[in-house]
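Comments concern the structure below.
Coordinate-derived values only; no laboratory data. Note that the structure is a prediction, hence the values are computed from the model and not measured. FYI the Cβ positions are ideal-geometry reconstructions off the backbone, even for glycines, and counts take in every protein chain you see.
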Amino acid sequence: MAHESAAATPASLGYRMPAEWAPHVSTWLTWPRPEGISFPDKYDTVPDVYAEFIRHLVTVEEVNITVWNAEKEAWVRGLLTDRKVPLDRVRFHHFPAYEPWCRDHGPIFLTREHDGEHERAIVDWGYNAWGNKYPPYDLDDAIPQHVAKLRGLPLFSPGIVMEGGSIEVNGCGTLLTTEACLLNPNRNPHLTKAQIEQHLKDYLSVTHILWLGDGIVGDDTDGHIDDLTRFVSPTTVVTAVEEDPADENFQLLQENLHRLRTMKDQDGQPLRVVELPMPGRVEYDGQRLPASYANFYIANGLVLLPTYRHANDRRALEILQREFPRHRVVGVDSTELIWGLGSFHCISQQEPA
């Protein structure tokens, strides 16, 4: 339901969305189902990738996993135990969802300081499976409500469609997004660009919105920012750049790079732009997949980078390690996971402290 008055918005109440590198309580994941449609004919190779991702995460924070039911929980527990993943920091919740893309259907957590207390809330954007591409999605859309009830947190429902992978914040007032996704008529055809910006300002407490153009080839989300450009500090972004002029990603990534080089942050300062290579053409069964090193996930003192068995894996790792000097940057093979058209950022959702 849309807010009734401006006074009820999270921004007016002092809430804001922190940057991903702010301290976490936990990471949320939605376990993929073999009956789901995300990994056609290839599901069996995906749970091991999740296990490896979780094995790294539990060294730095709690991991909350939503599963279909008790039977699925038992199966996942068994798998993680077999893969030598300690379970003392893993929590399971029987919140059923059809597909595993928690970045997009999961809760967006907000924080504020109020009367000397640190408080949190959740934004529950509408979720329509990237423009009604993969119905049904009602169970996925309900996940933020389950989490808010579990945590006992206030829930704000803007009444518009928005995915977590389509927005990127620096925690200081600036938000990055793309025209290809947020202005697509399959999301909020009744809203103008200015109205969409107002919702982002009202519900995430950002003051400055930067728009890139198109997303990478093979991305079925219509151009999510988390495959393109990510904040690594309040003033610095890394952005995916294709070095082969013959590659179909070359020109669109150059156009985004050009835009970034003209952009300023909320204080009027130019962004520092660091180029991140692409992993070349990654495909399966003749289909080009949206493989990108920009789809990394930032945990407590740890950055998990998707790798693709490509020569640029090492370069991407070195670039991110330079940009995150106080984090350990670890590459995890995402070649099997990307068949679902997403990687580590797409499957995860941070819960800030």
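One line per residue, one yes/no per condition, for (1) out of contact with any helix residue (DSSP H, G or I) (no Cβ under 8 Å at 6 or more places or on another chain); (2) in a loop (DSSP other than H, G, I, E, B); (3) closer than 18 Å to D219 by Cα:
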position	(1), (2), (3)
H118	yes, no, no
W130	no, no, yes
Y134	yes, yes, yes
L139	yes, no, no
Q145	yes, no, no
C172	yes, yes, no
T177	no, no, yes
C181	no, no, yes
R187	no, yes, yes
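Looking only at residues of segment 229-246 that are free of Cβ contacts under 8 Å to residues at least 40 places away in the same chain and in contact with a helix residue (DSSP H, G or I) (Cβ under 9 Å, 6 or more places away or on another chain), we find that the one that is farthest from R326 (Cα to Cα) is P245. Residues that are in contact with an Asp or Glu (Cβ under 9 Å, 6 or more places away or on another chain) and either part of a loop (DSSP other than H, G, I, E, B) or β-branched (V, I, T) (or both) were ranked within segment 325-353; the one that is nearest to V238 (Cα to Cα) is V329. Taken over segment 322-342, residues that are over 15 Å from Y297 (Cβ atoms) and not aromatic (F, W, Y) amount to 7. Of all residues in segment 266-324, exactly one satisfies the criterion of being assigned to a strand (DSSP E or B), among the charged types (D, E, K, R) and within 30 Å of A353 (Cβ to Cβ), namely R272. Could you check segment 57-106 and list, in sequence order, the residues that are basic (K, R) and under 19 Å from G342 (Cβ atoms)? Residue satisfying the conditions is R103 alone. Screening A97 on (1) within 22 Å of the chain's Cα centre (by Cα); (2) more than 20 Å from H345 (Cβ to Cβ); (3) part of a loop (DSSP other than H, G, I, E, B) shows it passes everything except condition (2). Scanning segment 333-349 for residues that are under 22 Å from V25 (Cβ atoms) and either out of contact with any Phe, Trp or Tyr (no Cβ under 6 Å at 6 or more places or on another chain) or acidic (D, E) (or both) gives a single hit, I347. Give the number of residues within segment 53-83 that are assigned to a helix (DSSP H, G or I), aliphatic (A, V, I, L, M) and touching a residue at least 12 places away in the same chain (Cβ under 8 Å). Matching residues across segment 53-83 total 6. Can you pull out the residues in segment 13-52 that are part of a loop (DSSP other than H, G, I, E, B) and closer than 22 Å to F296 by Cα? Those that are part of a loop (DSSP other than H, G, I, E, B) and closer than 22 Å to F296 by Cα: M17, P18, A19, E20, W21, A22, P23, W31, P32, S38, F39.
Annotation: D41 fulfils all but one of (1) at positive phi; (2) touching a Lys or Arg at 6+ places or on another chain (Cβ under 7 Å); the unmet one is (2).
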